[in-house]
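Okay, structure first, notes after.
Bear in mind that the values in this text are calculations on the coordinates, not laboratory data. For clarity, every value in this text was computed on a predicted model and none was experimentally measured. For neighbour counting, all protein chains shown are included, and Cβ atoms are generated from backbone atoms with ideal geometry for every residue, glycine included.
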Amino acid sequence: MNEQSLIDDGEANPTKELNLDEALQLAIYLQQKSRHDEAVELFGRILEVVPDHVDTLHYCGLSDYFLGNTEKGIERIELALSIAPDYIHAINNLGNIYLRTKDFNKAEANYRKVLALDPDFHAASNNLVVALKESGKIVEAIDTLLQGIQLDPYLKMHYQNLGQLFRQKVDLKNALDIYLEALEQRTFNANTYLLLGISLKLSGEDESAIRLLKKLLEREPNNVLAQHTLSAYSGEDVPPRADDDYVRKTFDNFAGSFDAVLHTM
């Protein structure tokens, strides 16, 4: 067997021999169809020819994990990363394996590596939130989502997941108080309060959203966005007509159903 002749593709064409790239694509196809035993066999044949093929090591590690061979899967992905340390998708998926096996500290470390390489990698950002939440680091989880909102104010996923984070917290009032206490120890940022208020509203926590917006207006009584938002949420002191641009930016772009937080393999 050599790199140009790895396997006969019996499904597609019994007479055609596959080169390395074609064999890899077939193995990935088998993996996507949850045919992990067949995928691992084919990944293994590729690795016999090219033992340090990073994509094959990465994807084979995933199938190892799905077959219950978690340690072997981690070992393969770590080997891929020893060859290609900046392989973002492999780092993210290694974090996913650690997250699913409840090793939250290692999951967090891998997601942070991804974001250090690419701050716009939204999947890792949301996965990091899950790891932080499961570790009980609620303030850090909220901070991560707020940072994502600052980078991309119109990405609905961030608002939805922030609201979901609050909604899933049994002691919402205590969680909010802890975060507000942390906020007060930093440089005041009105937008952070406003975003939290919107997210609380999206999660169905109207009273908490109103309380937070009132706290914002204590600090910035002339904040028009906060005034409009509080009026809309409380039904009190509603202006005759809100500014069209305000309505479009503040409400229309934040609507939608909750997305799944975890972006998996």
Rank the residues 205, 38 as a footprinting-exposure proxy: fewest other Cβ atoms within 10 Å of their Cβ go first. 38, 205
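Listing 62, 115 from the residue with the fewest other Cβ atoms within 10 Å to the one with the most, what is the order?
115, 62
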Semi-axes a, b, c in Å (a largest) for segment 91-136, each sqrt of 5 times a Cα gyration tensor eigenvalue, come to 16, 10, 8
